[in-house]
1. Out of 49, 111, report the one residue that is out of contact with any His (no Cβ under 6 Å at 6 or more places or on another chain), modelled with pLDDT of 95 or more and closer than 25 Å to residue 131 by Cα.
2. Could you list, in sequence order, all residues of region 111-123 that are surrounded by 16 or more Cβ atoms within 10 Å (Cβ to Cβ) and not hydrophobic (A, V, I, L, M, F, W, C)?
3. When residue 103 is evaluated against the numbered criteria (1) under 20 Å from residue 73 (Cα atoms); (2) free of Cβ contacts under 8 Å to residues at least 12 places away in the same chain; (3) among the hydrophobic types (A, V, I, L, M, F, W, C), which criterion, by number, is the only one it fails?
4. Taking region 55-78 only, how many residues are under 10 Å from residue 141 (Cβ atoms) and out of contact with any helix residue (DSSP H, G or I) (no Cβ under 7 Å at 6 or more places or on another chain)?
5. Name the helices (runs of 4 or more DSSP H) wholly inside region 77-182 in which the number of residues that are under 24 Å from residue 42 (Cβ atoms) is 1 or more.
6. Would you please list the contacts, defined by Cβ atoms under 8 Å and residues six or more apart or on different chains, that run from a residue in region 137-148 that is free of Cβ contacts under 8 Å to residues at least 60 places away in the same chain to a residue that is among the β-branched types (Val, Ile, Thr)?
7. Output the residue which, of all residues in region 161-176 that are under 23 Å from residue 91 (Cβ atoms) and surrounded by fewer than 11 Cβ atoms within 10 Å (Cβ to Cβ), is farthest from the chain's Cα centre (by Cα).
8. What are the residues in region 41-53 that are surrounded by 16 or more Cβ atoms within 10 Å (Cβ to Cβ) and assigned to a helix (DSSP H, G or I), if any?
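The values are calculated or read from the model by the stated rules, or taken from the named source; none is laboratory data. Please read these numbers as outputs of a predicted model, since none were measured by experiment. Note that we place each Cβ from the backbone using ideal geometry, even for glycine, and neighbour counts take in every protein chain shown.
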Amino acid sequence: MKNTPRTAGVLSLAVLALAAASAQAQITFRNVTDGSTLNLSDAREEGRDTPGVKQFLETGRNPYNSKPACLKQGEDLMLTACSACHGHYAEGKIGPSLTDDYWTYPEGKTDEGLFSIIFGGARAQMGPQYLSLTLDEMLQVMAWVRHIYHGPVEAADWMTDEERKAYKPWSPDQKLEVPDGAVCAP
């Protein structure tokens, strides 16, 4: 191939396209019981392409974890979709507690892993939730679960350094302050 300005330009564009594609590469989520790849296209169509979902799929970190409006929506979803098995405060009933530092599946210590558990299900009663909740709703539920955590901060692998410094164990008498007009967004 001849080295011309046009060839250099084409090569530059190809390099940029590859860099952009790898920057947007999604994480591979796996079923926690059998290791199979979870097919996110099985999820409900709505809620797939929100800014929060896009950010999560690129980073593996839930951008809603500290957002009051998302926490409130996550609480409401948790009460309707999860509390029958996990309890109103995720204290555990049929399903395990989600508020301490013990995880039946250690993958739950990361946002990526907790998402995989919710999306793909686990053993026993925990079925996959991808037909019940949108991807965005799953992130909101996850944010609420992280918010009501009351275990030791050093065991909270999902927390950023900033979140660790501000951490206070949750209790049911705490009131969540959501500013008027606040919307759930990263």
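1. After applying the criteria, what remains is 111.
2. Of all residues in region 111-123, those surrounded by 16 or more Cβ atoms within 10 Å (Cβ to Cβ) come to 111-122.
Passing the criteria: 111, 112, 113, 116, 120, 121.
3. Failing condition for residue 103: (1).
4. 1
5. On the way: elements: 83-86, 111-120, 135-147, 161-166.
Fully inside region 77-182 and qualifying: 83-86, 111-120, 135-147.
6. These pairs meet every condition: 138/118; 148/99.
7. In this case the residue turns out to be 173.
8. Selection gives 52, 53.
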